Amino acid sequence: MRLVVQLAAVVAVAFLGGLVTGAVEGSAPATLVAGVGTAVVLVLGYALAVRRTERRAAEEVAARGAAGALARGLLVGAGMFGTVVLCLASLGYYRVDGMGSVAGAVALVGFMAAAATWEELAFRGVLFRIVEERLGTWWAMGLTAVAFGLMHLPNPDANLWGATAVAIEAGGMLAAAYVATRNLWVPIGVHFGWNYAAAGIFGTVVSGTGENQGLLDGVTSGPALLTGGAFGPEASPFAVLSGLLLTVAFLWLAHRRGNLIPRKGRATAAESVTVAR
């Protein structure tokens, strides 16, 4: 029941925020304010839903330490996508034809802030967290990664490989970031940094949603197998490899911190053996 209530709260705020953002489309300052405002309301709505349904404070979105966690995540996400673009550019598959649109880059801050926040609250804050309590970390990662990939299939230029790539490099990696830190600010920051670097800085396609007007007039060309084609660089092998490497790094950190949760049945069996001894 709490999963439904929390998910409904996040989706409802995201939907209303999308309507507001759509209404002011064309004005960069208004889109920025609408998007960031939506992100703030999303966090507050999530925290309220958690308090009402679980009778606890939502420590995973606590204000204390949020700025630092967001900044760290943003640097990781932007660095990850920058590495992908560097790989493509070194092969001649990405080039910059000049400056892009400052207004477009400003508007994308709001748009990407709202998108990253609602997706992380819904998939990592609600779905992953609650499923993990029942099935453990590994099952929760697998199931929510698949769901996250499938969510991108309806995008205009999406395909099965693109959705699979997103499931691997983002669905698994962002869940691992949450497990390692046990807060949602880091995965929100990573998600925003990745998406904003892709659209707002390098001007590439994001998850098959079309070209973006970022700070740079970037052009991606070459074999779809390496560039990601119409889906964008997220479907390139460089992005998948980067995501996998970060997933391993976050899971290693989670293991060191003792943050991995075993499946309940296995945990109970292990405890029984310990007691018998």
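Summary of values
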item	result
Residue within the range 89-108 that is over 20 Å from GLN6 (Cα atoms), touching a helix residue (DSSP H, G or I) at 6+ places or on another chain (Cβ under 8 Å) and assigned to a strand (DSSP E or B) present	yes
Selection within the range 82-132 - among the β-branched types (Val, Ile, Thr) and in contact with a strand residue (DSSP E or B) (Cβ under 6 Å, 6 or more places away or on another chain)	VAL85, VAL96
Residues (among the polar types (S, T, N, Q) and touching a Ser or Thr at 6+ places or on another chain (Cβ under 9 Å)) located in the range 1-34	GLN6, THR21, THR31
Residue check, ALA23 surrounded by 20 or more Cβ atoms within 10 Å (Cβ to Cβ) and aliphatic (A, V, I, L, M)	no
Helices (runs of 4 or more DSSP H) (entirely within the range 139-204) containing at least 1 residues that are in contact with a Lys or Arg (Cβ under 7 Å, 6 or more places away or on another chain), crowded, with 21+ Cβ neighbours inside 10 Å and small (Gly, Ala, Ser)	173-181, 185-196
Qualifying positions in the range 177-227 - over 30 Å from ARG256 (Cα atoms) and of a type in the set (Phe, Trp, Tyr)	TYR196, PHE202
Selection count, the range 247-264, where residues are part of a helix (DSSP H, G or I), touching a residue at least 24 places away in the same chain (Cβ under 8 Å) and over 12 Å from ALA177 (Cα atoms)	2
Boolean, VAL41 is of a type in the set (Val, Ile, Thr) and free of Cβ contacts under 8 Å to residues at least 40 places away in the same chain	yes
Hey, VAL84 surrounded by 15 or more Cβ atoms within 10 Å (Cβ to Cβ), within 30 Å of PRO233 (Cβ to Cβ) and in contact (Cβ under 8 Å) with a residue 24 or more places away in the chain or not	yes
Any pair with Cβ under 8 angstrom, 6 or more apart, that starts in the range 50-62 at a residue that is loosely packed, with under 13 Cβ neighbours inside 10 Å and ends at one that is in a loop (DSSP other than H, G, I, E, B)	ARG51/ALA57; ARG51/ALA58; GLU59/ASN183
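Computed from the coordinates by the stated procedures, all read-outs in this text should not be read as laboratory data. In this text, all values refer to a predicted model and were calculated from it rather than measured experimentally. Glycine gets a Cβ as well: all are built from the backbone with ideal geometry, and neighbour counts include every protein chain shown.
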